[in-house]
């Protein structure tokens, strides 16, 4: 058997306070971390309740910072951000709130990203160029209707 250290509830609580203070976390990440520390379900519930009460753990704040970060640095669209938040078991309400964080710059970033990729594909045949742009933007989670409109604008 592996020699994994065991933690008291107090030790685990302190460790998770630091874990959550370092960067916003979702409930799922915290539960996985606690299970990795071999905590029993009652202890997990107790620690999570404490983290929520002390505002170390806040799903809405996590969703908002996640959406802002992925949009700003990775240039992800709504679809990709929504999918990733759903994988982390974030509520529909919190996902909607998070997406409001990126509304202001959404179309500007989309057009800049599409124009940049279009320039990078110069020299390719028109169909291949369109396909590359489509695949690139779909993978990053941008809505297909926006992509097709943009392709039509760029190709004409």
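Worth a mention:
- GNM top mover of 52, 95, 40 - the chain, alpha-carbon springs below 10 Å: 40
- Ranked 18, 91, criterion: other C-beta atoms within 10 Å, fewest first: 18, 91
- GNM flexibility winner over the chain from 98, 114, 49 (Cα, springs under 10 Å): 49
- Size descriptor for segment 59-100, Kirkwood hydrodynamic radius: 9.7 Å (Cα pairs only, one decimal).
- Taking the C-alpha atoms only, the angle from helix 9-22 to the longest principal axis of the chain is near 20 degrees.
- Computed helical MRE - 222 nm, the chain, DSSP H runs ≥ 4 contributing -39500 (n - 2.57), nearest 500: -23000 deg cm²/dmol
- Extension reserve of the residue 6-residue 149 stretch, reckoned as 0.36 nm per residue once the Cα distance is removed: 45.8 nm
- Residue 139 versus residue 87: modelled label distance in nm, points set 7 Å from Cα along the beta carbon direction: 1.5 nm
- Theoretical gain in end-to-end length, residue 115 to residue 38 [0.36 nm per residue, Cα-Cα removed]: 22.7 nm
- Residue order, fewest to most surrounding Cβ atoms within 10 angstrom, among 139, 22: 22, 139
- Cα point-scatterer Debye curve for the chain, base-10 log of I(q)/I(0) at q = 0.17 Å⁻¹: -0.93
- Overall dimensions of segment 1-64 as given by Cα atoms, namely Rg and Dmax in Å: 11.6, 41
- Averaging the sequence gap over all C-alpha pairs within less than 8 Å and six or more residues apart, then dividing by the number of residues, gives the chain a relative contact order of 21 percent.
Taken together, the values in this text are just the output of simple stated rules run on the coordinates, not laboratory data. Remember, predicted model here, so these are calculated numbers, not experimental data. Reconstructed Cβ throughout: ideal geometry from the backbone, glycine too, with neighbour counts over all protein chains shown.
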